[in-house]
Amino acid sequence: MFDAQDLYQEIVMDHNRRPRNFGSIADSTSSSEGFNPLCGDQVTVFLKVSDEIVEDVSFEGVGCAISKSSASMMTEGVKGKSVEEALIVFQAFRRMLTTTSDQVEDSEILGDLEILKGVSQYPTRIKCATLSWHTLQAALQGSGSDVSTE
Ligand code: FES
């Protein structure tokens, strides 16, 4: 039988094996670095924003399957959105992973990202999934500052 857990694992593995939008953007308009000192994993998120629209987004770095998959899905989830919309997706994603309820309140905003709700069952992995997102937030806000999970 194929259930939500199988689907979750299948999608995480697929994005881990074939990460989307992996690499730098030569003409990026901003970037930010994120670091998880507990494991040493790091990610850099690149953005190309024009007229407040995220025209391109990519990432590179070293990370576990969940962090890489989450970053890969994140790029697909925010590309083409306005900066404001991308920040709303970030907030919905963080809310989904940090609330204990099985319900996902922001399904419409999250779309395919909802499959990563499964991560919230594993508190130690939540930072893996949110590392790239906090890094994205810093890049969207143009702070240029590095992000740490601790
Ligand atoms: Fe390092 Fe997941 S174990 S980010």
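A short reminder: the numbers here are calculations on the coordinates, not readings from a lab. In this text, all values refer to a predicted model and were calculated from it rather than measured experimentally. Every residue, glycine among them, receives a Cβ derived from its backbone with ideal geometry; neighbour counts consider all protein chains shown.
Tabulated data
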read-out: Tally, over segment 12-59, of residues that are in a strand (DSSP E or B), within 16 Å of the chain's Cα centre (by Cα) and surrounded by fewer than 17 Cβ atoms within 10 Å (Cβ to Cβ); value: 1
read-out: Selected residue [closer than 27 Å to residue 38 by Cα, touching a Gly at 6+ places or on another chain (Cβ under 6 Å) and either of a type outside the set (Lys, Arg) or surrounded by fewer than 20 Cβ atoms within 10 Å (Cβ to Cβ) (or both)] from 140, 97, 113, 136; value: 113
read-out: Residues of segment 102-135 satisfying the condition of being within 16 Å of the ligand (Cβ to nearest atom), in contact with a Leu (Cβ under 8 Å, 6 or more places away or on another chain) and of a type in the set (A, V, I, L, M); value: 116, 119, 126, 129
read-out: So residue 140, is it away from the ligand (no atom under 16 Å from the Cβ), within 23 Å of residue 9 (Cβ to Cβ) and not β-branched (Val, Ile, Thr); value: no
read-out: Checklist (1) at positive phi; (2) acidic (Asp, Glu); (3) within 14 Å of the ligand (Cβ to nearest atom) applied to residue 41, failing item; value: (1)
read-out: Residues located in segment 77-114, provided they are in contact with a strand residue (DSSP E or B) (Cβ under 9 Å, 6 or more places away or on another chain) and charged (D, E, K, R); value: 79, 81, 85
read-out: Odd one out for residue 6, checked against (1) touching a His at 6+ places or on another chain (Cβ under 8 Å); (2) under 19 Å from residue 116 (Cα atoms); value: (1)
